[in-house]
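The values are calculated or read from the model by the stated rules, or taken from the named source; none is laboratory data. Values in this document were obtained by computation on a predicted structure and should not be read as measured data. Neighbour counts are summed over all protein chains in view; Cβ atoms, including those assigned to glycine, are modelled from backbone coordinates with ideal geometry. Ligands, DNA and RNA are excluded from the accessible area calculation, which covers all protein heavy atoms including side chains. Shrake-Rupley method; radii C 1.70, N 1.55, O 1.52, S 1.80 Å.
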Amino acid sequence: MLRDIFEHSTSLYYSHTPEHDITFFNPQWKAFFGYEPDENIDKWTETLTDHPVNKKGIQETQRAIDTGKPQPSYELQLQRKNGETFWVEVNEAPVVKNGKTVSIAGSLTDITKRKQAEDVLKFQAKLLDQVGEAVMATDLEGMITYWNKAAEKIYGWSKEEVMGKNILEVTPTSQNREQASEIMDVLTKGEEWSGEFTVQRKDGSTFPAYVIDSPIFGENGDIIGVIGVSNDITKQKKNEEFIRKNLKEKEVLLSEIHHRVKNNMAVISSLLDLQIEFDYTKRNTETLLKDMRNRIKSIALVYEMVYEDENIVEINFSELLHRLVEQLKVTHRQENKDISVHINAEEVIIDMNTSVPLSLLVNEAISNAFKHAFSRRKGGCIEVNLVNTKKGYRFVVQDDGTGVSDIDQLTHPATFGCTIIQGLTRQLQGELSWQSLDRGLKVEVWFPKRNGSAKAKEANSVLPDE
């Protein structure tokens, strides 16, 4: 019976001396190594390859010889007669007589196919560790059996911490754990599931993830587990919200474009009507057209800034003021005059409904200074101030020109420019004052704030009183 086991077993049984000389092997010797029984190999170590794992195997055998005690099983890579390599699992026990090891008896089991399968699994696991998505697997009870490096990074749990834990205790939040359990029930029935799901990290913080879960089928078609792939979509959700916000703002803009264009055309028409009411028959037509062109350009500049900025509801009027002044300096440049403009403008964020009349007012006030303040002088200076206070804004234009002898003519104007300034001040619900100085004229307009956006409120948060 024992002989039958030795001769027909798929394992190779052998014995060797403490010096590694072979003293016995069963018929499987040829199947393992390709040698005939009469082809002698003195020492079994002659079948070893140079694989590093073999060094550990020799140490285990030597330890069994030295201690006289069996050692744990170990693996070796061996070589057949034809040079082909294969893997075996070694189980050995020392034969001890009078307290001394006289031989080693052992068996070899061919594990080449198992090692190849393990290598494939290791390669596949390595591939999964290279992907940016979290990949995890569980058995049918939800116990985690695989957790790749991306899962460690995304969820904050190391592989060692989660292996063997129930997935329901690791990734779902406490609020959606019941839903996660329902999804597991769907998967264990052989169905797939995908969608957005709020998950949590090890530190308790939550984030939106896109999850794809699928059942794992064994060779016989039975469901043996579940594999899931998930990805943090926080940035994607923020981008979607940004796009939604922009689309909403664009819709607001498109819905108001017709209204605003119509209103602005009405403004231009009203300006033309006002000019007709005043006696401009003695004025040069080119001058009149230049004045009207500046007014239209001041309106156009507002919309130019709107389209340059992501914010299509409000504009930074401080920046607009600088651009308006540069535009007017070019328009009113005279070869024989040297007129400088100094601007002191605090940050002022205003809505579109305020920016158009205010830009027209700025155009008129500064244009009047250019045209009239230095008519009898070779030059001078215009100071422009824009002050942001808690309750409103103060706009001041002051020149050091010839001034105005009769201030009442400005309070009850017979000129087109002053009439426009008064009308625009009323439209802004503001207050207008004229002040004749020793040298020059000071025009000051104060107008209240409207309810603005968070950006406007932030700009107004630390401001002086009026």
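Assorted remarks:
- Qualifying residue in the stretch 208-216 (condition: open to solvent by 60 Å² or more (accessible area, probe 1.4 Å), without any contact (Cβ under 8 Å) to a residue 60 or more places away in the chain and either within 20 Å of residue 137 (Cα to Cα) or among the charged types (D, E, K, R) (or both)): yes
- Filtered by the rule that a residue be out of contact with any strand residue (DSSP E or B) (no Cβ under 6 Å at 6 or more places or on another chain) and either assigned to a strand (DSSP E or B) or open to solvent by 80 Å² or more (accessible area, probe 1.4 Å) (or both), the stretch 218-227 gives 219, 220, 222.
- Filter result (surrounded by 11 or more Cβ atoms within 10 Å (Cβ to Cβ) and outside any helix (DSSP H, G or I)) within the stretch 43-70: 43, 48, 49, 51, 68, 69, 70
- Considering (1) crowded, with 17+ Cβ neighbours inside 10 Å; (2) farther than 27 Å from residue 293 by Cβ; (3) in contact with an Asp or Glu (Cβ under 6 Å, 6 or more places away or on another chain), the lone condition that residue 420 does not fulfil carries the number (2).
- When residue 336 is tested against the conditions (1) open to solvent by 60 Å² or more (accessible area, probe 1.4 Å); (2) part of a helix (DSSP H, G or I), the lone failure is (2).
- Condition met for residue 335 (modelled with pLDDT of 65 or more, touching a strand residue (DSSP E or B) at 6+ places or on another chain (Cβ under 9 Å) and of a type in the set (Asp, Glu)): no
- Residue, most open to solvent (accessible area, probe 1.4 Å), within the stretch 103-143, restricted to residues that are hydroxyl-bearing (Ser, Thr, Tyr) and more than 51 Å from the chain's Cα centre (by Cα): 109
- Residue that is farthest from residue 146 (Cα to Cα) [pool: residues in the stretch 74-102 that are buried (at least 18 other Cβ atoms within 10 Å of the Cβ) and not β-branched (Val, Ile, Thr)]: 94
- When the stretch 423-444 is filtered for residues that are open to solvent by 20 Å² or more (accessible area, probe 1.4 Å), farther than 26 Å from residue 375 by Cα and in a loop (DSSP other than H, G, I, E, B), the ones remaining, listed by number, are 429, 430.
- From the options 438, 400, residue that is at pLDDT 70 or above and more than 55 Å from the chain's Cα centre (by Cα): 438
- Test set (1) open to solvent by less than 30 Å² (accessible area, probe 1.4 Å); (2) of a type in the set (Ser, Thr, Tyr); (3) more than 25 Å from residue 139 (Cα to Cα) - residue 230 fails condition number: (3)
- Flag if residue 194 is more than 24 Å from the chain's Cα centre (by Cα) and surrounded by fewer than 18 Cβ atoms within 10 Å (Cβ to Cβ): no
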